[in-house]
Amino acid sequence: MPAHLQEAAAAAASAVAAREEAAAAAAAAAEEARAKREVVDRALGMIRVADSGPLQELATLMIQRNVPVDFGPLPPGVYGVWDTRRQTITIAEGYRISSVEGIAAVLVHEGTHAYDFYRGRTGRTRADCYDLEGRAFGNQARLWEALHGKNGKPGATDPLEKEMNIILARVNEYPTTFAIDLLALYQHQCA
């Protein structure tokens, strides 16, 4: 076979391989997006049935507003973030493999911020900022208690579930200490 035909055949084979690689990457990305959406949908469904009051309203608003939820890099110790500018929720990448209940608890916290944002409460004053954080933690504890009872999830092994047990205990058993800790934890954000 002449050299120019060999080069053309090699280029064609390379182009086919590149298209196949791109198609495989697109399929993997689509599967990842589908799996993420499924987890988020299951978490929202769990929130809706766990509580007939404010948490159900919160989940309904997130569904109606089609609030985007993604997993991504966040600073250590940050479980999730509501971004008012982009109007999205990001859950820390490390919790992608956590239980649906743990993810639901993070969604309740960040979803409370989304809910408040859409109601016009943006935490512009120092007091309002602290109140909104307290409300978000309170809703998070409310969900965890609705799912697992007043003592939280027995035998929790997932780090996120363990943290939700701690939050529930602190909110219910040590509310003043929790409030003081909240003031210190959010002093830079609420200043």
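Are any residues in segment 89-110 in contact with a Phe, Trp or Tyr (Cβ under 8 Å, 6 or more places away or on another chain) and closer than 17 Å to residue 132 by Cα, and if so, which ones?
89, 105, 106, 109, 110
Residue by residue, here is whether (1) crowded, with 17+ Cβ neighbours inside 10 Å; (2) at positive phi; (3) of a type in the set (S, T, N, Q) holds:
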residue	(1), (2), (3)
115	yes, no, no
134	yes, no, no
141	yes, no, no
144	yes, no, no
155	no, yes, no
164	yes, no, no
185	no, no, no
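Out of (1) more than 17 Å from residue 38 (Cα to Cα); (2) of a type in the set (D, E, K, R); (3) buried (at least 18 other Cβ atoms within 10 Å of the Cβ), what's the single condition that is false for residue 83?
For residue 83, the exception is condition (3).
Among the residues that make up segment 128-150, is at least one of them within 17 Å of the chain's Cα centre (by Cα) and not in a helix (DSSP H, G or I)?
The answer is no; no qualifying residue exists.
Check whether at least one residue in segment 89-97 is more than 22 Å from residue 56 (Cβ to Cβ) and of a type in the set (A, V, I, L, M), and report yes or no.
yes
Hey, among the residues in segment 163-177 that are within 22 Å of the chain's Cα centre (by Cα) and not aliphatic (A, V, I, L, M), which one's nearest to residue 79 (Cα to Cα)?
Only one residue tops the list, namely 163.
Identify, by number, the condition in (1) surrounded by fewer than 19 Cβ atoms within 10 Å (Cβ to Cβ); (2) outside any loop (DSSP other than H, G, I, E, B); (3) not hydroxyl-bearing (Ser, Thr, Tyr) that residue 108 doesn't meet.
With respect to (1) surrounded by fewer than 19 Cβ atoms within 10 Å (Cβ to Cβ); (2) outside any loop (DSSP other than H, G, I, E, B); (3) not hydroxyl-bearing (Ser, Thr, Tyr), residue 108 is out only on (1).
Do the conditions hold for residue 163, that is, is it within 20 Å of residue 58 (Cα to Cα), in a helix (DSSP H, G or I) and acidic (Asp, Glu)?
no
Just so you know, all these numbers are worked out from the coordinates, no wet-lab data involved. Just so we're clear, the structure is a prediction, and the values are computed from it rather than from any experiment. Cβ sites come from the backbone with ideal geometry, for glycine too, and all protein chains shown count toward neighbours.
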